[in-house]
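The values are calculated or read from the model by the stated rules, or taken from the named source; none is laboratory data. Please read all numbers here as calculations on a predicted model, not as lab measurements. Cβ atoms come from the backbone with ideal geometry, glycine included; neighbour counts cover every protein chain shown.
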Amino acid sequence: MAEKVNLSIKRGDTVVVIAGKDKGKKGKVLRVNPEDMTCIVDGVNMIIKHKKARSAQQKSAREKRPGNIHISNVQILCKCGKATRVNHKFVGDKKVRICKKCDEVLDKKFTKDKGKDKAKEVDPETDKKDEAAAAVKKTLQRREVKSTVDSKVKKPDAAKSSVSMPRKIGGGA
């Protein structure tokens, strides 16, 4: 069994291809596969998949879709506009990814959380309104589950059903 590998590239990152036939192209990471150490980048390493028509109504087609790229052939594009390697650092109690060239935080979730903390410090009244709205939304989203006895499908009685069994024709001896 392969070891779990922590990768510095995550889904949603904008990356630059640094090697291969698509060198210099930029794109957004659609999927990361840590077992194979590959990723799929939108618009890079385009491959053609032939789709065969399975019935007369369907048409055969040639689909273009992005193929896998090895992680070593891509680098994250920082806000400073340069392709960079990734450094890890603890900010508070969270481990974040940092640009090696400009020391900028690369994690989008972390920067959003940081902005929310500042908003809480500025205006606590709007925060109370948001909490009340969230509580109302949660109560509206809950659904009551019926008991399993009520949800079972009941079979119709033979006497009540309008469908009758076919009769035997002819005399059998």
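Yes/no per residue for (1) at pLDDT below 90; (2) under 21 Å from Asp107 (Cα atoms):
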residue	(1), (2)
Met1	yes, no
Val16	no, yes
Lys28	no, yes
Gly43	no, no
Met46	no, no
Ser55	no, no
Ser60	no, no
Ile76	no, yes
Lys89	yes, yes
### Query
Does any residue of the range 35-50 turn out to be part of a loop (DSSP other than H, G, I, E, B) and without any contact (Cβ under 8 Å) to a residue 12 or more places away in the chain?
no
### Query
For the range 89-100, which residues satisfy the criterion of being under 20 Å from Val15 (Cα atoms) and either free of Cβ contacts under 8 Å to residues at least 24 places away in the same chain or assigned to a loop (DSSP other than H, G, I, E, B) (or both)?
Val96, Ile98, Cys99, Lys100
## Note on the structure
Of the residues in the range 82-103, those that are over 21 Å from Ile71 (Cβ atoms) and out of contact with any helix residue (DSSP H, G or I) (no Cβ under 8 Å at 6 or more places or on another chain) come to Phe90, Gly92, Asp93, Cys102, Asp103
## Note on the structure
Over the range 66-88, the set of residues part of a strand (DSSP E or B) and exposed (fewer than 12 other Cβ atoms within 10 Å of the Cβ) is His88
